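Notes to accompany the following structure.
The values are calculated or read from the model by the stated rules, or taken from the named source; none is laboratory data. What you are looking at is a predicted structure, and each value in this text was computed from that prediction instead of being measured. Here Cβ is always computed from backbone atoms with ideal geometry, including for glycine, and neighbour counts include all displayed protein chains. Calculation scope for accessible area: heavy atoms of the full protein, side chains included, ligands and nucleic acids excluded. Shrake-Rupley method; radii C 1.70, N 1.55, O 1.52, S 1.80 Å.
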Amino acid sequence: MTDGSAPPTPMSAAEFVPDTLSLPDLAEASLTCRGCPLFVDTTQTVFGEGTRTAAMMLVGEQPGDQEDRKGHVFVGPAGRVLWECVEDAGIDRNDLYVTNAVKHFKHETTGKRRLHKKPNTGEIEACHPWIEAELRAVHATVIVALGATAARSLLGRSVPIAASRGASFEVAGAPVVVTYHPSAVLRADEAAREMRAAIVDDLRAASELARR
Ligand code: URA
Ligand code: SF4
C-alpha cells in the first residue's frame, strides 16, 4: 500500500459464528449471517443437517433453487441423485451429516428462472468459518467433498476432481474423499452412468474409512 490506506478486509462469516459446539445454535446463528453479499436476494441460509454423532460428513457446493426455497440441503434434482448413490453405497442416510461449502444460493435471474452461479474463491473462503464450526461440532471420521467447490473449501486449494479420486487428503485429522458432485451426473450425457457409479464407489470407500 503506497497511499497509506489499510488493505481491504476480506469478506468473512467469522464474526457471525458463535463459539459453540451446538449444531442447533450454529444453524440458528447462520440465519443472520452477512459475511458476504450472497444472502441478498435469497430466501434463507441453508445450514447443514444431520446428527452430531455422524461418522461421515458430506459437503456439497451450495444450496440450489429448491434448497433455497425449502431451507434444507439436497432436496432438489441433485439431491435425488445423491440419495440414490448413498443408498446404493449401502450407507444409512441417518448416519450422515450433510452440508454445503457455501450456505446461500448464488444465482442470476433470467425471466422467472433463477440460474445457479458458481461461487467464487472469495465467497468460498468467506463462508469457510461455518464449515470449520461444523467440523468442530460433528466429529466425523471421514469427510466427502462432492465436487470442486467443496474440495476447494475443505482443502484450501483447487484440485482436479477426476485425478483426486482415491487420493488421500486430510482435514482436521479426518481423511477427505474427493468425488464428483451429483449435479455433474445430471449434466453428463454418455458419461453419466460412469460418473454415478464413481460416486457410489467413492462413497463406499469413504464408509470403509469411517469404520476404522
Ligand atoms: N447442490 C449442492 O451442492 N447442495 C445442495 O444442497 C443442493 C444442490
Ligand atoms: Fe454468510 Fe456464507 Fe451466506 Fe455469505 S454465503 S452470507 S458467508 S452464510
(request) Just one of (1) surrounded by fewer than 16 Cβ atoms within 10 Å (Cβ to Cβ); (2) polar (S, T, N, Q); (3) touching a strand residue (DSSP E or B) at 6+ places or on another chain (Cβ under 9 Å) trips up SER183, so point out which. (result) (1)
(request) State the number of residues belonging to region 107-125 that are in a loop (DSSP other than H, G, I, E, B) and open to solvent by 30 Å² or more (accessible area, probe 1.4 Å). (result) 5
(request) Give region 166-207 a look and list any residue that's more than 19 Å from VAL138 (Cβ to Cβ), assigned to a loop (DSSP other than H, G, I, E, B) and touching a helix residue (DSSP H, G or I) at 6+ places or on another chain (Cβ under 6 Å), or say none. (result) TYR180, ALA188
(request) Being surrounded by fewer than 21 Cβ atoms within 10 Å (Cβ to Cβ), away from ligand 1 (no atom under 16 Å from the Cβ), of a type in the set (A, V, I, L, M, F, W, C) and more than 20 Å from THR149 (Cβ to Cβ) narrows it down to one of ALA14, ALA6, so name that one. (result) ALA6
(request) Tell me which residues, restricted to region 36-64, are exposed (fewer than 14 other Cβ atoms within 10 Å of the Cβ), assigned to a loop (DSSP other than H, G, I, E, B) and within 13 Å of ligand 2 (Cβ to nearest atom). (result) VAL40
(request) Working only within region 126-141, note down all residues that are buried (at least 21 other Cβ atoms within 10 Å of the Cβ) and of a type in the set (Val, Ile, Thr). (result) ILE131, VAL138
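Among the residues of region 67-106, how many are of a type in the set (D, E, K, R), in a loop (DSSP other than H, G, I, E, B) and either open to solvent by less than 20 Å² (accessible area, probe 1.4 Å) or out of contact with any strand residue (DSSP E or B) (no Cβ under 9 Å at 6 or more places or on another chain) (or both)?
Within region 67-106, the first condition is being of a type in the set (D, E, K, R), and the residues that meet it are 67-70, 80, 84, 87-88, 92-93, 95, 103, 106.
Still in the list and also in a loop (DSSP other than H, G, I, E, B): 92, 103, 106.
Retained after the next criterion (residues that are either open to solvent by less than 20 Å² (accessible area, probe 1.4 Å) or out of contact with any strand residue (DSSP E or B) (no Cβ under 9 Å at 6 or more places or on another chain) (or both)): 92, 103.
Summing the residues that are of a type in the set (D, E, K, R), in a loop (DSSP other than H, G, I, E, B) and either open to solvent by less than 20 Å² (accessible area, probe 1.4 Å) or out of contact with any strand residue (DSSP E or B) (no Cβ under 9 Å at 6 or more places or on another chain) (or both) in region 67-106 gives 2.
Out of LEU146, LEU186, I need the residue that is over 15 Å from the mean Cα position of the chain (by Cα) and either over 25 Å from HIS104 (Cα atoms) or in contact (Cβ under 8 Å) with a residue 24 or more places away in the chain (or both). Which one? Full working, then the answer.
Values: LEU146 fails: over 15 Å from the mean Cα position of the chain (by Cα).
Only one candidate passes the filter, namely LEU186.
If a residue must be within 16 Å of ligand 1 (Cβ to nearest atom) and among the polar types (S, T, N, Q), how many such residues does region 147-166 contain?
Taking region 147-166 as the starting set, the residues that turn out to be within 16 Å of ligand 1 (Cβ to nearest atom) are 147-154, 161.
Checking the rest, the ones that are also among the polar types (S, T, N, Q) come to 149, 153.
The qualifying residues number 2.
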(message) Looking at the structure I just gave you, is CYS33 within 15 Å of ligand 2 (Cβ to nearest atom), surrounded by 13 or more Cβ atoms within 10 Å (Cβ to Cβ) and either modelled with pLDDT of 95 or more or not polar (S, T, N, Q) (or both)?
(response) yes
